[in-house]
1. Could you check THR10 against (1) surrounded by fewer than 10 Cβ atoms within 10 Å (Cβ to Cβ); (2) at pLDDT 70 or above and say which number it fails?
2. Just to check your reading of the model, which residue among ARG45, ARG70 is surrounded by 10 or more Cβ atoms within 10 Å (Cβ to Cβ), charged (D, E, K, R) and either modelled with pLDDT of 95 or more or at positive phi (or both)?
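The values are calculated or read from the model by the stated rules, or taken from the named source; none is laboratory data. Since we're looking at a predicted model, the values are computed, not measured. As a convention, Cβ positions derive from the backbone with ideal geometry for all residues, glycine included, and neighbour counts pool all protein chains shown.
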Amino acid sequence: MTSWLLLGATEGGLFDLDATLPLMAVQVVLLTFILNALFFRPVGRVVEEREGYITTSRAEAKQKLAQVERLEADLAAQLKEARLATQKLIQDAEQDCDRLYREALAAATADANASREQARREIDAERESAFKQLQGDAEKLGDLIVDRLLAAK
């Protein structure tokens, strides 16, 4: 065979520049197109779909995370308000309880004082009636003693 480029290369040497080189080049290009059409494009589409899915999933996850953070902040604020309201309610209940206790204590003290005063008046009245009765009895006894002494003389 003769060489295409008459560069002095002989047949069977290191480089043969005959019709096999362009044929191999055409085979490589053709194989590249076939592989690209059969394998690389579908794989590329799958990779792009997965990338899209990952991107959308990531965006959705970020949105959900932001929403969760907002909800968490709202719930924390509601919890704080509820705690403050509960503390206020407990404080009001304690004040009402203390006020009712003081009112009940004042009423009981007033009732006890009234009962004590009533008992003192009754005791004074009984003492006065007992004193009058004793005075009457003492006068009768004195008159009886005087009558007997006079009668004995």
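1. (2)
2. On the way: ARG45 fails: either modelled with pLDDT of 95 or more or at positive phi (or both).
Of ARG45, ARG70, the one residue that is surrounded by 10 or more Cβ atoms within 10 Å (Cβ to Cβ), charged (D, E, K, R) and either modelled with pLDDT of 95 or more or at positive phi (or both) is ARG70.
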